[in-house]
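Enquirer: Input: one structure, supplied below.
The values are calculated or read from the model by the stated rules, or taken from the named source; none is laboratory data. Quantities reported herein were computed from a predicted structural model and do not represent experimental measurements. Please note: Cβ atoms are built from the backbone with ideal geometry, for glycine as well, and neighbour counts cover all protein chains shown. The area values use the complete protein model at the heavy-atom level, side chains included, leaving out ligands, DNA and RNA. Shrake-Rupley method; radii C 1.70, N 1.55, O 1.52, S 1.80 Å.
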Amino acid sequence: MNEARIADMISKIAHELRSPLTSVKGFSAMLVTRWDRFTDEQRFQFVETIHSDAERMGRIVTEVLDLARMEAGRLELHPVNVSVPALVQKALDRLTELPGAERIETRIPPDLTAWADADRVEGVVANLIENGVKFSDEGPVVIEATSTPEGMVAISVRDEGVGIAPDDIDHVFAGPGGRTSRATPSGSGLGLYLSRGLIEAHGGSITVESKLNKGSVFTVTLPAGVAEVSDEEEGAAGG
(Lines give C-alpha, C1' and ligand atoms only; values in the text may rest on other atoms or scores of the structure.)
Protein backbone atom coordinates (compact mmCIF):
# COMPACT_ATOMS: atom_id res chain seq x y z
CA MET A 1 0.00 0.00 0.00
CA ASN A 2 1.55 3.30 -1.10
CA GLU A 3 1.97 6.39 1.06
CA ALA A 4 -1.03 8.21 -0.42
CA ARG A 5 -3.35 5.32 0.35
CA ILE A 6 -1.93 4.96 3.85
CA ALA A 7 -2.54 8.66 4.50
CA ASP A 8 -6.07 8.37 3.14
CA MET A 9 -6.72 5.31 5.32
CA ILE A 10 -5.44 7.03 8.47
CA SER A 11 -7.60 10.09 7.76
CA LYS A 12 -10.74 7.99 7.30
CA ILE A 13 -10.06 5.86 10.38
CA ALA A 14 -9.51 8.96 12.51
CA HIS A 15 -12.73 10.48 11.21
CA GLU A 16 -14.74 7.35 11.91
CA LEU A 17 -13.31 6.89 15.39
CA ARG A 18 -14.06 10.51 16.25
CA SER A 19 -17.83 10.11 15.86
CA PRO A 20 -18.41 7.19 18.28
CA LEU A 21 -15.75 8.53 20.65
CA THR A 22 -17.57 11.86 20.83
CA SER A 23 -20.78 10.01 21.57
CA VAL A 24 -19.20 7.91 24.32
CA LYS A 25 -17.61 10.97 25.92
CA GLY A 26 -20.83 12.99 25.73
CA PHE A 27 -23.20 10.40 27.16
CA SER A 28 -20.77 9.25 29.84
CA ALA A 29 -20.16 12.87 30.89
CA MET A 30 -23.90 13.43 31.26
CA LEU A 31 -24.21 10.32 33.43
CA VAL A 32 -21.29 11.38 35.62
CA THR A 33 -22.30 15.03 36.07
CA ARG A 34 -26.11 14.90 35.85
CA TRP A 35 -27.01 11.42 37.06
CA ASP A 36 -29.94 12.56 39.21
CA ARG A 37 -31.58 14.49 36.37
CA PHE A 38 -32.37 11.38 34.33
CA THR A 39 -34.85 8.56 34.76
CA ASP A 40 -33.73 4.94 34.95
CA GLU A 41 -35.00 4.43 31.39
CA GLN A 42 -32.95 7.37 30.09
CA ARG A 43 -29.84 6.15 31.87
CA PHE A 44 -30.30 2.71 30.35
CA GLN A 45 -30.61 4.24 26.87
CA PHE A 46 -27.44 6.24 27.43
CA VAL A 47 -25.55 3.13 28.51
CA GLU A 48 -26.86 1.19 25.50
CA THR A 49 -25.61 3.94 23.20
CA ILE A 50 -22.20 3.97 24.89
CA HIS A 51 -21.97 0.18 24.56
CA SER A 52 -22.98 0.26 20.89
CA ASP A 53 -20.47 2.96 20.01
CA ALA A 54 -17.71 1.21 21.96
CA GLU A 55 -18.37 -1.96 19.94
CA ARG A 56 -18.25 0.09 16.75
CA MET A 57 -14.83 1.45 17.72
CA GLY A 58 -13.71 -2.07 18.55
CA ARG A 59 -14.71 -3.29 15.08
CA ILE A 60 -12.74 -0.50 13.43
CA VAL A 61 -9.66 -1.32 15.50
CA THR A 62 -10.02 -5.02 14.62
CA GLU A 63 -10.24 -4.13 10.93
CA VAL A 64 -7.08 -2.06 11.15
CA LEU A 65 -5.14 -4.78 12.97
CA ASP A 66 -6.24 -7.46 10.51
CA LEU A 67 -5.32 -5.20 7.60
CA ALA A 68 -1.85 -4.62 9.06
CA ARG A 69 -1.32 -8.38 9.50
CA MET A 70 -2.61 -9.06 5.99
CA GLU A 71 -0.37 -6.44 4.37
CA ALA A 72 2.63 -7.82 6.30
CA GLY A 73 1.83 -11.42 5.34
CA ARG A 74 1.31 -12.38 8.99
CA LEU A 75 -2.42 -13.03 8.97
CA GLU A 76 -3.22 -16.30 10.76
CA LEU A 77 -6.49 -18.13 10.21
CA HIS A 78 -7.91 -20.90 12.37
CA PRO A 79 -10.40 -22.74 10.14
CA VAL A 80 -12.78 -25.37 11.50
CA ASN A 81 -16.04 -26.90 10.36
CA VAL A 82 -18.56 -24.10 10.77
CA SER A 83 -22.34 -24.30 10.61
CA VAL A 84 -23.31 -21.70 8.00
CA PRO A 85 -26.77 -21.01 9.52
CA ALA A 86 -25.15 -20.47 12.94
CA LEU A 87 -22.46 -18.24 11.45
CA VAL A 88 -25.04 -16.07 9.69
CA GLN A 89 -27.14 -15.87 12.85
CA LYS A 90 -24.14 -14.62 14.84
CA ALA A 91 -23.56 -11.99 12.16
CA LEU A 92 -27.20 -10.96 12.47
CA ASP A 93 -26.90 -10.76 16.24
CA ARG A 94 -24.41 -7.92 15.74
CA LEU A 95 -27.02 -5.95 13.83
CA THR A 96 -30.10 -6.14 16.04
CA GLU A 97 -30.09 -2.36 16.61
CA LEU A 98 -29.51 -1.50 12.95
CA PRO A 99 -32.39 0.54 11.47
CA GLY A 100 -34.00 -1.57 8.76
CA ALA A 101 -32.84 -4.89 10.20
CA GLU A 102 -36.43 -6.13 10.13
CA ARG A 103 -36.15 -6.34 6.32
CA ILE A 104 -33.48 -9.07 6.48
CA GLU A 105 -34.49 -12.53 5.25
CA THR A 106 -32.47 -15.76 5.37
CA ARG A 107 -32.70 -18.80 3.10
CA ILE A 108 -30.03 -21.24 4.23
CA PRO A 109 -30.09 -25.07 4.38
CA PRO A 110 -29.85 -26.13 8.04
CA ASP A 111 -27.05 -28.66 7.53
CA LEU A 112 -24.72 -26.54 5.38
CA THR A 113 -21.13 -26.28 6.68
CA ALA A 114 -18.00 -24.42 5.60
CA TRP A 115 -14.31 -24.75 6.42
CA ALA A 116 -13.54 -21.33 7.81
CA ASP A 117 -12.23 -19.11 10.57
CA ALA A 118 -15.64 -18.42 12.10
CA ASP A 119 -14.87 -15.03 13.68
CA ARG A 120 -13.29 -13.60 10.52
CA VAL A 121 -16.02 -14.82 8.16
CA GLU A 122 -18.74 -13.74 10.58
CA GLY A 123 -17.33 -10.23 10.40
CA VAL A 124 -17.29 -10.30 6.61
CA VAL A 125 -20.90 -11.50 6.42
CA ALA A 126 -22.01 -8.89 8.98
CA ASN A 127 -20.33 -6.17 6.88
CA LEU A 128 -22.12 -7.29 3.72
CA ILE A 129 -25.50 -7.49 5.45
CA GLU A 130 -25.05 -4.07 7.03
CA ASN A 131 -24.12 -2.60 3.66
CA GLY A 132 -27.19 -4.18 2.10
CA VAL A 133 -29.48 -2.62 4.69
CA LYS A 134 -27.81 0.79 4.68
CA PHE A 135 -27.83 1.10 0.89
CA SER A 136 -31.49 0.15 0.45
CA ASP A 137 -34.35 2.20 1.87
CA GLU A 138 -36.92 -0.50 1.21
CA GLY A 139 -37.30 -4.05 -0.03
CA PRO A 140 -35.82 -7.19 1.49
CA VAL A 141 -32.17 -7.88 2.12
CA VAL A 142 -31.88 -11.58 1.39
CA ILE A 143 -29.11 -13.87 2.63
CA GLU A 144 -28.87 -17.16 0.76
CA ALA A 145 -26.36 -19.99 0.92
CA THR A 146 -25.85 -23.13 -1.12
CA SER A 147 -23.29 -25.77 -2.04
CA THR A 148 -21.55 -25.49 -5.41
CA PRO A 149 -20.44 -28.31 -7.75
CA GLU A 150 -16.83 -27.24 -7.15
CA GLY A 151 -16.96 -28.26 -3.49
CA MET A 152 -17.47 -24.75 -2.20
CA VAL A 153 -20.14 -22.96 -0.20
CA ALA A 154 -21.61 -19.76 -1.65
CA ILE A 155 -23.12 -17.15 0.68
CA SER A 156 -24.87 -14.25 -1.04
CA VAL A 157 -26.36 -11.01 0.27
CA ARG A 158 -28.84 -9.37 -2.10
CA ASP A 159 -30.46 -5.95 -1.73
CA GLU A 160 -32.75 -3.78 -3.83
CA GLY A 161 -30.96 -0.54 -3.10
CA VAL A 162 -28.99 2.15 -4.89
CA GLY A 163 -26.63 -0.24 -6.63
CA ILE A 164 -23.17 0.57 -7.93
CA ALA A 165 -22.29 2.51 -11.06
CA PRO A 166 -20.76 0.35 -13.83
CA ASP A 167 -17.52 2.35 -13.77
CA ASP A 168 -17.17 1.63 -10.05
CA ILE A 169 -17.73 -2.14 -10.09
CA ASP A 170 -14.08 -2.97 -10.74
CA HIS A 171 -12.98 -0.70 -7.89
CA VAL A 172 -15.47 -1.63 -5.17
CA PHE A 173 -12.88 -3.69 -3.29
CA ALA A 174 -10.08 -1.17 -3.84
CA GLY A 175 -10.04 0.13 -0.27
CA PRO A 176 -8.80 3.59 0.79
CA GLY A 177 -8.15 5.81 -2.18
CA GLY A 178 -10.26 3.69 -4.53
CA ARG A 179 -12.65 5.30 -7.00
CA THR A 180 -15.91 3.86 -5.70
CA SER A 181 -17.88 5.96 -3.27
CA ARG A 182 -19.72 2.98 -1.81
CA ALA A 183 -18.97 3.08 1.91
CA THR A 184 -18.35 0.21 4.28
CA PRO A 185 -20.10 -0.39 7.60
CA SER A 186 -17.27 1.09 9.61
CA GLY A 187 -17.09 3.92 7.13
CA SER A 188 -13.31 3.70 7.12
CA GLY A 189 -13.06 2.41 3.56
CA LEU A 190 -11.52 -0.81 4.84
CA GLY A 191 -14.46 -3.20 5.05
CA LEU A 192 -14.75 -4.51 1.50
CA TYR A 193 -11.00 -4.33 0.86
CA LEU A 194 -10.28 -6.31 4.02
CA SER A 195 -13.16 -8.72 3.33
CA ARG A 196 -11.63 -9.66 -0.02
CA GLY A 197 -8.26 -10.32 1.59
CA LEU A 198 -9.76 -12.45 4.36
CA ILE A 199 -11.91 -14.54 2.02
CA GLU A 200 -9.08 -15.07 -0.48
CA ALA A 201 -6.86 -16.18 2.42
CA HIS A 202 -9.42 -18.96 2.97
CA GLY A 203 -9.01 -20.06 -0.65
CA GLY A 204 -12.35 -18.50 -1.56
CA SER A 205 -13.54 -15.43 -3.42
CA ILE A 206 -15.85 -12.45 -3.02
CA THR A 207 -17.64 -10.93 -6.01
CA VAL A 208 -20.36 -8.39 -6.73
CA GLU A 209 -23.05 -7.99 -9.35
CA SER A 210 -24.95 -4.72 -9.39
CA LYS A 211 -27.23 -2.46 -11.39
CA LEU A 212 -27.52 1.21 -10.58
CA ASN A 213 -30.76 1.96 -8.70
CA LYS A 214 -31.68 -1.74 -8.87
CA GLY A 215 -29.57 -3.30 -6.14
CA SER A 216 -26.50 -5.43 -5.57
CA VAL A 217 -25.59 -9.03 -4.88
CA PHE A 218 -22.35 -9.74 -3.01
CA THR A 219 -21.31 -13.40 -3.04
CA VAL A 220 -18.71 -15.05 -0.83
CA THR A 221 -17.41 -18.52 -1.64
CA LEU A 222 -15.61 -20.68 0.92
CA PRO A 223 -14.39 -24.28 1.00
CA ALA A 224 -17.16 -26.64 2.10
CA GLY A 225 -16.89 -28.27 5.49
CA VAL A 226 -14.74 -31.39 5.61
CA ALA A 227 -16.12 -34.77 6.61
CA GLU A 228 -15.24 -35.54 10.20
CA VAL A 229 -13.57 -38.88 10.84
CA SER A 230 -14.70 -40.78 13.91
CA ASP A 231 -12.21 -42.43 16.28
CA GLU A 232 -13.33 -45.87 15.05
CA GLU A 233 -12.81 -44.91 11.38
CA GLU A 234 -9.43 -43.38 12.16
CA GLY A 235 -8.37 -46.52 14.00
CA ALA A 236 -9.51 -48.74 11.13
CA ALA A 237 -7.61 -46.61 8.62
CA GLY A 238 -4.48 -46.78 10.76
CA GLY A 239 -4.79 -50.53 11.10
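Enquirer: What pairs come out if I take residues in region 90-114 that are free of Cβ contacts under 8 Å to residues at least 12 places away in the same chain and pair them with residues that are acidic (Asp, Glu) and part of a loop (DSSP other than H, G, I, E, B) whose C-beta lies under 9 Å away, six or more apart or interchain?
Expert: none
Enquirer: From the list GLU55, GLU63, GLU16, pick out the single residue that is open to solvent by 40 Å² or more (accessible area, probe 1.4 Å) and closer than 30 Å to LEU192 by Cα.
Expert: GLU55
Enquirer: Could we say that ILE10 is open to solvent by less than 90 Å² (accessible area, probe 1.4 Å), part of a helix (DSSP H, G or I) and either within 28 Å of PHE173 (Cβ to Cβ) or at pLDDT below 80 (or both) here?
Expert: no
Matching residues to (1) surrounded by fewer than 17 Cβ atoms within 10 Å (Cβ to Cβ); (2) assigned to a loop (DSSP other than H, G, I, E, B); (3) at pLDDT 95 or above; (4) not polar (S, T, N, Q):
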| site | (1), (2), (3), (4) |
| --- | --- |
| ALA114 | no, no, yes, yes |
| SER136 | no, yes, no, no |
| GLY139 | yes, yes, no, yes |
| ILE143 | no, no, yes, yes |
| PRO149 | yes, yes, no, yes |
| SER156 | no, no, yes, no |
| VAL162 | no, yes, no, yes |
| ALA174 | yes, yes, no, yes |
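Enquirer: Next question. Six or more apart or on different chains, Cβ under 7 Å: which pairs go from a residue in region 47-65 that's at negative phi to one that's part of a helix (DSSP H, G or I) and open to solvent by 60 Å² or more (accessible area, probe 1.4 Å)? Could you list them?
Expert: Within 7 Å, the pairs are MET57/LEU21.
Enquirer: Then there is this: From (1) exposed (fewer than 14 other Cβ atoms within 10 Å of the Cβ); (2) at positive phi, pick out the condition that doesn't hold for GLY100.
Expert: (1)
Enquirer: Select from region 66-88 the residues that are touching a residue at least 12 places away in the same chain (Cβ under 8 Å) and either within 25 Å of PRO20 (Cβ to Cβ) or not in a strand (DSSP E or B) (or both) and list them in ascending order.
Expert: The answer is ASP66, LEU67, MET70, GLU71, LEU75, LEU77, HIS78, PRO79, VAL84, PRO85, LEU87, VAL88.
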